[in-house]
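These notes concern the structure reproduced below.
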Amino acid sequence: MARAMPIRYDIVHTTRYRYRQPVSFGEHRVMFRPRDSHDLRVLATDLVCSPQAQIRMIQDPHSNSVALVTPLHPADELTIACTFTIEHAPGDGTELELSPSAVLFPFAYAVQERLDLEHYMRPLYDDPQGVLTQWARQFMRTDGPTGTRELLLQMNGFIREHFDYAARDEEGTQPPLQTLALGSGSCRDFALLMMEAVRSLGMAARFVSGYLYDPALDAAAGGVDPQATVGAGSTHAWLQVYLPGAGWVAFDPTNNLRDGTPQLIRVGVARDPAQAAPVSGSWFGPPEAYLGLSASVQVRRVPG
């Protein structure tokens with residue numbers, strides 16, 4: 001299959017924790033390295049921690065690359081800076097064909113696929129009144145057959161158009177029913193909402209964390225993007241749905257982006273958003289010592 005020329009990006013991801021006084025640190029789990037695949041290649045990586053730390057690289061159960069960082073000395077500030085260069089080869093814009101059995105919704109996975117996908121099909125949150133399921137079913141046509149891809153694209157676009165984006169620094173995600181009630185949320189909340197809605201309809205979906213390239217920040221883009229890219233400057237989240245014939249297909253409800261866009265740069269995939277936190281860890285000291293955290297992400301296209 002023909003593909004566009006690879007795009008090279010330089011990415012810097014910095015997380016900084018501040019404290020009123022020196023505190024001790026436990027192990028921190030850092031997920032920053034993009035996932036190598038047929039469309040993404042990691043060329044160089046570096047991870048620097050202040051204070052000095054012991055660093056070990058492992059793969060988690062989802063085959064994500066995870067750095068286990070253990071600071072060696074007490075300090076009043078912990079900084080973890082990750083830098084890397086990647087090549088991203090987006091598709092040619094042609095949608096991958098679905099298996100004939102999956103073109104129309106509802107469809108059933110083959111037995112062997114279902115065995116592997118089972119834990120991605122099981123909802124994380126209870127929906128005792130069927131509120132989320134009812135919301136998801138509004139995207140099914142009543143005047144004829146419902147196309148599977150059409151249903152997902154409409155849901156993706158609906159969230160972008162009808163929900164308000166609200167950045168949130170603290171860890172965790174809102175339950176889907178809370179996001180529906182508020183009509184607002186962060187990229188993590190929107191990804192979780194659509195992921196759980198898709199699962200309520202019997203499809204397999206997984207949470208994706210990563211980075212977002214904003215062409216408006218790139219002089220080579222030739223000006224400001226007419227549709228603002230929401231979520232650039234920090235880590236980003238979206239979801240993938242498993243569609244027979246096409247495999248894992250990406251949907252970003254925060255920006256109404258879809259599979260194949262060069263703007264979405266995968267880092268981690270997970271059954272549960274809690275498994276894909278960019279940085280998590282522990283520290284030891286009085287509770288009032290904690291002053292907060294700041295995180296920044298810079299994604300720049302390398303001319304060439």
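Only the coordinates and a few stated rules stand behind these numbers; no lab work does. On a predicted model such as this, the values are computed, not experimentally measured, just so you know. Glycine gets a Cβ as well: all are built from the backbone with ideal geometry, and neighbour counts include every protein chain shown.
The separation of region 230-270 from region 157-197, counted between C-alpha centres, amounts to 15 Å.
Each peptide among 31-44, 266-279 gets the average number of other Cβ atoms lying within 10 Å of its residues, and from highest to lowest they stand as 266-279, 31-44. Relative contact order of region 100-275, please, whole-number percent, based on alpha carbon pairs below 8 angstrom and at least 6 residues apart. In percent, rounded to a whole number, it is 25.
When DSSP beta bridges are limited to those with both residues in the chain, what percentage is antiparallel, rounded to the nearest 5? Intermediate results must be reported in sequence, preceding the final value.
Details: 72 of 74 bridges.
For the chain, the DSSP antiparallel bridge percentage is about 95.
Label zone (residue 142, point 7 Å along Cα-to-C-beta; backbone nitrogen cut-off 19 Å) within region 97-118: 105-106. Expressed in units of 2.2 N^0.38 Å, where N is the residue count, the Cα radius of gyration of region 100-275 is 1.02. Scattering from the chain was approximated by placing one identical point on each alpha carbon and applying the Debye formula without solvent; log10 I(q)/I(0) at 0.11, 0.13 1/Å stands at -0.71, -0.98.
In this structure the amide hydrogen of residue 279, modeled in the peptide plane, comes within under 5 Å of the amide hydrogens of 31, none closer than 5 places in sequence on its chain.
Quick one: compute the contact order of the chain, relative version, from alpha carbon pairs under 8 angstrom and 6+ residues apart, as a percent. This gives 28 percent for the chain. In order along region 179-185, the Karplus-derived 3J(HN,Hα) couplings, from 6.51 cos²θ - 1.76 cosθ + 1.60 at θ = phi - 60°, round to 4, 4, 5, 7, x, 7, x Hz, and Gly and Pro are given as x. Quick one: if the Förster radius is 51 Å, what FRET efficiency do residue 116 and residue 300 give, using the C-beta to C-beta distance and rounding to 0.05? FRET efficiency, residue 116 to residue 300: 0.85. For residue 129 and residue 97, the difference between the fully extended length at 0.36 nm per residue and the C-alpha to C-alpha distance is 8.0 nm.
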